[in-house]
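Enquirer: Got a structure for you, written out below as structure tokens; questions coming shortly.
The values are calculated or read from the model by the stated rules, or taken from the named source; none is laboratory data. What you are looking at is a predicted structure, and each value in this text was computed from that prediction instead of being measured. Counting neighbours? That spans all protein chains shown, and the Cβs are built from the backbone with ideal geometry, glycine included. Each accessible area value is taken on the protein alone, full model and side chains, heavy atoms only, with ligands, DNA and RNA left out. Shrake-Rupley method; radii C 1.70, N 1.55, O 1.52, S 1.80 Å.
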Amino acid sequence: MSTVYSNLSVSADGFLAGPRQSRENPLGEGGLALHEWHLERAADNRAEADTIVDAGAFVMGRNMFGPVRGEWDEDWRGWWGEEPPYHGPVFVLTHFPREPVVMAGGTTFHFVTDGIESALTQARAAAGDRNVSIAGGASTVNQFLAAGLLDELRLHIAPIVLGEGERLFAGVRGLDLEATSSRTGARAIHVTYRIRR
């Protein structure tokens, strides 16, 4: 069976995004620094950077897809421009139905209104034999962790302290993690944990 994993940039104090996220500042105040390791130093972290979008399908929360709340602004098509980096099916958790959004490069955003289990079932079916990535944000990853639906965490720990924002492991208790690999890269320590059940 394929692996369900999250591949996340995180601050040294456990935040996946800084405070006060907005359309103009989608990663929150200070949040862009979490991603220097692959945005500015990709050559130094090539093996880890290549794993960010190597899944057969992806699941993300509505906040990761965009800042729109309530009913959909049908013009909003995500943060990434006309060709998002996923190049495959992405299942967006939401409370508001919306028709799929087909983008250049093979990415299609599907909108799931009936919870994380349904999103995972659809993502597994779409991925076939390939892995499924729970892309974020923090609330979505924490829901999957709390439900015992993640097999692996790939953390890229940036040498910054945000102090507040969207925290990984918020509301999650009793995890047993086994480190299966680690490497110090440029602007991040890369650690992979297997989640024991």
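Enquirer: So how many residues does the range 1-41 have that are more than 20 Å from E152 (Cβ to Cβ), touching a helix residue (DSSP H, G or I) at 6+ places or on another chain (Cβ under 6 Å) and among the hydrophobic types (A, V, I, L, M, F, W, C)?
Expert: The total comes to 1.
Enquirer: Can V53 be described as under 21 Å from L150 (Cβ atoms), open to solvent by less than 10 Å² (accessible area, probe 1.4 Å), out of contact with any helix residue (DSSP H, G or I) (no Cβ under 7 Å at 6 or more places or on another chain) and β-branched (V, I, T)?
Expert: No.
Enquirer: Is it the case that the range 94-109 has a residue that's without any contact (Cβ under 8 Å) to a residue 24 or more places away in the chain and within 17 Å of the chain's Cα centre (by Cα)?
Expert: yes
Enquirer: Is one or more of the residues making up the range 165-178 surrounded by fewer than 12 Cβ atoms within 10 Å (Cβ to Cβ), in contact with a strand residue (DSSP E or B) (Cβ under 6 Å, 6 or more places away or on another chain) and of a type outside the set (V, I, T)?
Expert: Quick first cut of the range 165-178, residues surrounded by fewer than 12 Cβ atoms within 10 Å (Cβ to Cβ) only: 171, 173-174, 176, 178.
When the remaining residues are screened for being in contact with a strand residue (DSSP E or B) (Cβ under 6 Å, 6 or more places away or on another chain), the result is 176, 178.
Subsequent filtering for residues that are of a type outside the set (V, I, T) retains 176, 178.
Checked the range 165-178: at least one residue is surrounded by fewer than 12 Cβ atoms within 10 Å (Cβ to Cβ), in contact with a strand residue (DSSP E or B) (Cβ under 6 Å, 6 or more places away or on another chain) and of a type outside the set (V, I, T).
Enquirer: Report whether or not H190 is over 19 Å from G66 (Cα atoms), in contact (Cβ under 8 Å) with a residue 12 or more places away in the chain and surrounded by 14 or more Cβ atoms within 10 Å (Cβ to Cβ).
Expert: In short, yes.
Enquirer: Does N25 qualify as being over 26 Å from I116 (Cα atoms), open to solvent by 40 Å² or more (accessible area, probe 1.4 Å) and more than 13 Å from the chain's Cα centre (by Cα)?
Expert: Considered against the rule, which asks whether it is over 26 Å from I116 (Cα atoms), open to solvent by 40 Å² or more (accessible area, probe 1.4 Å) and more than 13 Å from the chain's Cα centre (by Cα), N25 comes out as yes.
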